[in-house]
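The values are calculated or read from the model by the stated rules, or taken from the named source; none is laboratory data. Because the structure is a prediction, the values reported are computed rather than measured. Cβ atoms come from the backbone with ideal geometry, glycine included; neighbour counts cover every protein chain shown. Side chains included, ligands, DNA and RNA excluded: accessible areas come from the protein's heavy atoms. Shrake-Rupley method; radii C 1.70, N 1.55, O 1.52, S 1.80 Å.
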Amino acid sequence: NKTDVTDKYVDWMNDYEVVKFTEQRFYHHDKSKIKKFVIEKLLSENDFLFGIYSKNEHIGNIKIGPINWRYKNSEISYIIGNKDFWNQGIATKVICSILDFGFNQLKLYRITAGYYENNLSSAKVLKKCGFKIEGYNYNEIIFEGKRYNLVRVAKIIK
């Protein structure tokens, strides 16, 4: 909730190393903008935003949405903002949990994600969670002066 929007949270969102593989890298964030985003998601019927915590410390977020209720599909996005928690398997656990929530509680059929092809960490974690590559948006991303593909992945409940 909006009380989770701390100075540390704002710092993550302005840390290039944290957001470099997201479109958030193009924005300057402040508490009021992030609080507005959090409140918007809390009030949404088509988005669920969850904080990721370790021992009551907010270390990141995961979002499922927007949800298309008619076709029972959605997209996920996630960020581990606190770099002390990188490379510990947390993203894998959190993504698997959001898939369980999406498929079993929300009764979704299909959940998608996207990542920059040079983001090897996201490629690895999404594969571990059972996502399959569906295609590429060729040369969609400009990252540090070079063009990259956006990789589109999906997991479908069977």
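Annotations for the structure displayed:
- Ile64 vs. criteria aliphatic (A, V, I, L, M), more than 19 Å from Ile156 (Cα to Cα) and surrounded by 15 or more Cβ atoms within 10 Å (Cβ to Cβ): no
- Output for segment 54-77, where each listed residue is of a type outside the set (D, E, K, R) and either free of Cβ contacts under 8 Å to residues at least 12 places away in the same chain or under 13 Å from Thr112 (Cβ atoms) (or both): Asn56, Ile64, Gly65, Pro66, Ile67, Asn68, Tyr71, Asn73, Ser74, Ile76, Ser77
- Those residues of segment 38-78 which are over 19 Å from Gln105 (Cβ atoms) and part of a strand (DSSP E or B), in sequence order: Tyr53, Ser54, Glu57, His58, Ile59, Gly60
Rundown of residues vs (1) among the small types (Gly, Ala, Ser); (2) open to solvent by 70 Å² or more (accessible area, probe 1.4 Å); (3) touching a strand residue (DSSP E or B) at 6+ places or on another chain (Cβ under 7 Å); (4) closer than 22 Å to Ser121 by Cβ, yes/no style:
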{"position": "Ser32", "(1), (2), (3), (4)": "yes, yes, no, no"}
{"position": "Lys36", "(1), (2), (3), (4)": "no, yes, no, no"}
{"position": "Tyr53", "(1), (2), (3), (4)": "no, yes, yes, yes"}
{"position": "Lys83", "(1), (2), (3), (4)": "no, yes, no, yes"}
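- Of the criteria (1) under 16 Å from Val5 (Cβ atoms); (2) modelled with pLDDT of 95 or more; (3) open to solvent by 90 Å² or more (accessible area, probe 1.4 Å); (4) not β-branched (Val, Ile, Thr), which one Glu45 fails: (1)
- When the residues of segment 97-131 are filtered to those that are under 20 Å from Ile79 (Cα atoms) and among the charged types (D, E, K, R), the one that is surrounded by the fewest Cβ atoms within 10 Å (Cβ to Cβ) is Asp100.
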